[in-house]
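The values are calculated or read from the model by the stated rules, or taken from the named source; none is laboratory data. Since the model is a prediction, treat every value here as computed from it, not as a measurement. Cβ coordinates were reconstructed from backbone atoms using ideal geometry, including for glycine residues, and neighbour counts include every protein chain displayed.
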Amino acid sequence: MIDSGFETKSLRMELLLLVTFQAPSADVERIMEAVVAITPLRMGKYDGNAYQSAQGIERYQPLEGAAAGAETELRRRPGTVEVSFELPDDQALAARVVEAIFQAHSYQEPVIRIQPLLTSRSKGLDDRANPNRWWNTTGDCKTADQDRLDKVPRRESVAAE
């Protein structure tokens with residue numbers, strides 16, 4: 001197992017934390033606003049970096065003591081997504097972020113996971129002539145749906161901690 005970062009000509013592999021949470025898709029914007037109020041989720045020259053999966057079905061059965069009350073049948077909740085993002089390997093920062101997720105989440109027991117991760121960061125080399133880059137193929141990767149999503153109000157960049 002690789003236990004430390006390393007470099008290649010074009011990028012650095014860094015040890016970070018992968019934070020993942022599951023939530024109803026309607027909760028995601030509120031939760032992510034709470035996260036980026038703490039940390040900018042910066043990757044190189046980009047802020048607000050996270051990934052949201054397509055919607056799936058969450059399965060659970062409330063037991064005695066659950067806010068929903070005990071039930072005998074398994075519930076299936078459609079419209080649940082998984083969101084993931086990277087953080088520096090900093091326990092105090094991770095604690096603040098998971099607390100913010102918990103407070104902004106609608107669930108009594110939100111699924112929040114943290115895993116160590118070896119992830120890439122570009123060295124920012126001049127690769128304007130690379131034929132595989134989006135700007136040398138089809139142009140900007142935005143679609144009509146992406147343009148609509150981009151109309152979400154922008155926030156000021158948060159200073160990295």
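Couple of notes before you dig in:
Here is a yes/no grid of residues against (1) crowded, with 17+ Cβ neighbours inside 10 Å; (2) under 30 Å from R133 (Cα atoms); (3) aromatic (F, W, Y):
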residue	(1), (2), (3)
F6	no, yes, yes
L17	yes, yes, no
Y60	no, no, yes
F85	yes, yes, yes
D90	no, no, no
V97	yes, no, no
F102	no, no, yes
L118	no, yes, no
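- Top-ranked residue in region 99-133 [being touching a strand residue (DSSP E or B) at 6+ places or on another chain (Cβ under 6 Å) and among the polar types (S, T, N, Q); ranked as farthest from V28 (Cα to Cα)]: S122
- Hits in region 74-83 (condition: hydrophobic (A, V, I, L, M, F, W, C) and either in a strand (DSSP E or B) or surrounded by 15 or more Cβ atoms within 10 Å (Cβ to Cβ) (or both)): V81, V83
- Search result, residues across region 98-142 that are acidic (D, E) and more than 20 Å from the chain's Cα centre (by Cα): D126, D127, D140
- Cβ-Cβ distances below 8 Å connect the following pairs, each with a first residue in region 40-61 that is closer than 19 Å to R12 by Cβ and modelled with pLDDT under 95, a second residue that is of a type in the set (S, T, N, Q) and outside any loop (DSSP other than H, G, I, E, B), and a separation of six or more residues or different chains: G44/S122.
- Unmet criterion (only one of (1) in contact (Cβ under 8 Å) with a residue 60 or more places away in the chain; (2) outside any helix (DSSP H, G or I); (3) not acidic (D, E)) for A100: (2)
- The residues on offer are S106, S84, and the sole one that is in contact (Cβ under 8 Å) with a residue 24 or more places away in the chain and either in contact with a helix residue (DSSP H, G or I) (Cβ under 8 Å, 6 or more places away or on another chain) or over 27 Å from V36 (Cβ atoms) (or both) is S106.
- Filter result for Q22 (modelled with pLDDT of 95 or more, in contact with an Asp or Glu (Cβ under 8 Å, 6 or more places away or on another chain), over 20 Å from A95 (Cα atoms) and not aromatic (F, W, Y)): no
- Of the residues contained in region 15-23, none is found to be at negative phi and in a helix (DSSP H, G or I).
- Selection status of A70, small (G, A, S) and without any contact (Cβ under 8 Å) to a residue 12 or more places away in the chain: yes
- Residue in region 63-72 that is crowded, with 16+ Cβ neighbours inside 10 Å and either within 21 Å of Y46 (Cβ to Cβ) or modelled with pLDDT of 95 or more (or both) present: no
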